[in-house]
1. Kindly indicate the residue of region 486-506 that is over 22 Å from Gln214 (Cβ atoms) and part of a helix (DSSP H, G or I) and also least open to solvent (accessible area, probe 1.4 Å) among those meeting that condition.
2. Would you be able to tell me the number of residues in region 150-167 that are of a type in the set (Gly, Ala, Ser) and under 23 Å from Glu549 (Cβ atoms)?
3. Could you check region 520-539 and list, in sequence order, the residues that are over 19 Å from Asn485 (Cα atoms) and either open to solvent by less than 10 Å² (accessible area, probe 1.4 Å) or part of a strand (DSSP E or B) (or both)?
4. Can you find a residue in region 467-481 that is surrounded by 19 or more Cβ atoms within 10 Å (Cβ to Cβ), of a type in the set (Ser, Thr, Tyr) and within 23 Å of Lys3 (Cα to Cα)?
5. Go over the candidates Ile46, Ile69 one by one and state the one that is among the β-branched types (Val, Ile, Thr), in contact with a Gly (Cβ under 7 Å, 6 or more places away or on another chain) and in contact (Cβ under 8 Å) with a residue 12 or more places away in the chain.
6. Give region 302-311 a look and list any residue that's under 19 Å from Gly238 (Cβ atoms) and in contact with a strand residue (DSSP E or B) (Cβ under 7 Å, 6 or more places away or on another chain), or say none.
7. Output the number of the condition that Ser21 fails; it satisfies all remaining conditions of (1) open to solvent by less than 10 Å² (accessible area, probe 1.4 Å); (2) in a loop (DSSP other than H, G, I, E, B); (3) among the small types (Gly, Ala, Ser).
8. Picking from Pro20, Pro4, Pro66, Pro39, which residue would you name as being under 21 Å from the mean Cα position of the chain (by Cα) and at pLDDT 95 or above?
Amino acid sequence: MTKPADFPPPFRTADYVAAPSDPPEERIDVGVLIVGAGPAGLACGIRLGQLLEDAPEVRERLGEVPVAILEKGKQAGSHLLSGAVVNPRSLRRLFKGRKRLDEMPFYGPVEHESVYFLTNKSALRIPAPPTMKNEGNYVASLSRLGRWLAEQAEEAGAMLLPETAAEKLLVSDGRARGVRTGDKGRGRDGQALGNLEPGSDLVARVTVLAEGTQGHLTGVALDRFGLTGEDPQVWALGVKEVWKVKRPLDRVIHTLGWPLRPGAKYREFGGSFIYPMGEDMLTLGMVVGLDYRDVELSVHDLLQELKTHPLVRKLLEGGERVAWGAKTIPEGGFLALPKQLHAPGLLIVGDGAGLVNVPALKGIHYAIESGRLAAEAAFASLQRGQTPATPGALAGYDETLRESFVWKDLQEVRNMRPAFGRGLIFGGALAGAMTATKGRFPRRDLRLERDADVDLIRTDRAKSYPAPDGKLTFDKLSSVFASGNKTRDDQPNHIVLQREVPQDIALLWERMCPAQVYEATETGVDVTPSNCVQCGAITAKGGRLTPPEGGSGPEYTLT
């Protein structure tokens, strides 16, 4: 049987690792360099600012820029997308009375919730599984929350550097030294254009990789320092929309079942979410594990199909779509965690580390907590007599993370995701036993299989996707426009993959991509990289996403 792993991308980790090359006087020196302005990276910057406020001598030793945060998007929040229902626990710990929850940009607490099992025409309400209960949690736009956290990080003294892609990991003498940023102003073939801005070496005492899902340099660092865990990471793809609606939604809704197929041969694991966003908006999305087998499955089109269900159609009636986006989610959980989350001069946090609780549909508060703990480990390593370059100097991060609620939560649900590889019914029964025993069942851990290693099948699934009408259902290209994507058509290709592949692989990529980047041809696949919204699905399913020019990609504001 054909599988994506048989056609690996021509990608070499060594091409993205280098020693600092700029002359010393041209390098940009920072104390702590945080790569990624998501919840983990911003929490790290905020906590470092708090610690440095009480340690002026350390701040002075770190130079003119004690803390810098790189963001490849136009601004903080531009590339952030989630459901999102947020557990506020980590935000309370991070701000410790400095900020109240009612000062944060939430849409409000979860007041009611419903879970439905869907068929194509009916909706059966079922009890919410214990892991999915959201009492005490808050509805948010992660993009909006990210912009607010960026403001707090800057107020705490961090320098935010938007539109800046981290292209290479700087390593010398066995330790991370920072990153080299990508060039701006190159043409499709790499030639210099009139507005060329060469990249720079950013050299730091500690580098914190907070790139989020499918982080480019995170993957490079895991390979370079031998940190990859025993089990591979696996992924899901989420596609979501934001709608202005006539009637307010008073609850959070999750669904299982249709439009996914329950048979084990399809390996379709996932469901949908519908969350209120104030009085006149709601967000809905479809999330599907990328270990599915059918080359005709399209998560974007499944979301369009979901909206034709009577339950969902009624919620959207008279409304208007105002935003769209897509993102991968690390789903391997505890089993897929790296062997360790530090190396000399380096820390890995958040989704890049795989800190997501799939049964609870939660990861944001784990990202924030990991960023906070990373800041404290980095700060400890910068005290007089300490050096972050020493092997083990940053091990305190791993130690405190293992003692935290993050580790406990992930350990209890560690076998649930692989259980559903055996189908919805059997997987659900296993998950129930795992919940009842708080992870003590089964005695031996299950194993994960790389998404790209799954054998493919081909059905006629695509025939049932609804035609786009521009009112309720939409095609992929109009959705890319709704994401605010403004990637230059003539910039270099940032997607690494084999072009001459069998039809099944080419069609898999064409259907899988929510942004219509890939088109199956008679001899393989054509690529339109300017459509890319950097969701990361191609990295899970046989290619490799690298950073495009800084400032490219979507400009999310409500996702």
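The values are calculated or read from the model by the stated rules, or taken from the named source; none is laboratory data. Being a predicted model, the structure only gives us computed values, none of them experimental. Note that we place each Cβ from the backbone using ideal geometry, even for glycine, and neighbour counts take in every protein chain shown. We work out accessible area using only protein heavy atoms, side chains counted, and drop any ligands, DNA or RNA first. Shrake-Rupley method; radii C 1.70, N 1.55, O 1.52, S 1.80 Å.
1. Applying the first criterion (over 22 Å from Gln214 (Cβ atoms)) to region 486-506 yields 489-490, 500, 502-504.
Narrowing the set further to residues that are part of a helix (DSSP H, G or I) leaves 503-504.
Working: Gln503: 84, Asp504: 47 Å².
Applying the filter and picking the extreme gives Asp504.
2. Of region 150-167, the ones of a type in the set (Gly, Ala, Ser) are 150, 153, 156-158, 165-166.
Still in the running and under 23 Å from Glu549 (Cβ atoms): 150, 165-166.
The number of residues fulfilling the criteria is 3.
3. Ala520, Gly524, Val525, Asp526 - these are the residues of region 520-539 that are over 19 Å from Asn485 (Cα atoms) and either open to solvent by less than 10 Å² (accessible area, probe 1.4 Å) or part of a strand (DSSP E or B) (or both).
4. No; the residues of region 467-481 include none that is surrounded by 19 or more Cβ atoms within 10 Å (Cβ to Cβ), of a type in the set (Ser, Thr, Tyr) and within 23 Å of Lys3 (Cα to Cα).
5. Details: Ile46 fails: in contact with a Gly (Cβ under 7 Å, 6 or more places away or on another chain).
Result: Ile69 is the single residue among Ile46, Ile69 that is among the β-branched types (Val, Ile, Thr), in contact with a Gly (Cβ under 7 Å, 6 or more places away or on another chain) and in contact (Cβ under 8 Å) with a residue 12 or more places away in the chain.
6. Residues of region 302-311 under 19 Å from Gly238 (Cβ atoms): 302-307, 309.
Scanning region 302-311 gives Leu302, Leu303, Leu306, His309.
7. (1)
8. On the way: Pro20 fails: under 21 Å from the mean Cα position of the chain (by Cα); Pro4 fails: under 21 Å from the mean Cα position of the chain (by Cα); Pro66 fails: under 21 Å from the mean Cα position of the chain (by Cα).
Testing whether each residue is under 21 Å from the mean Cα position of the chain (by Cα) and at pLDDT 95 or above leaves just Pro39.
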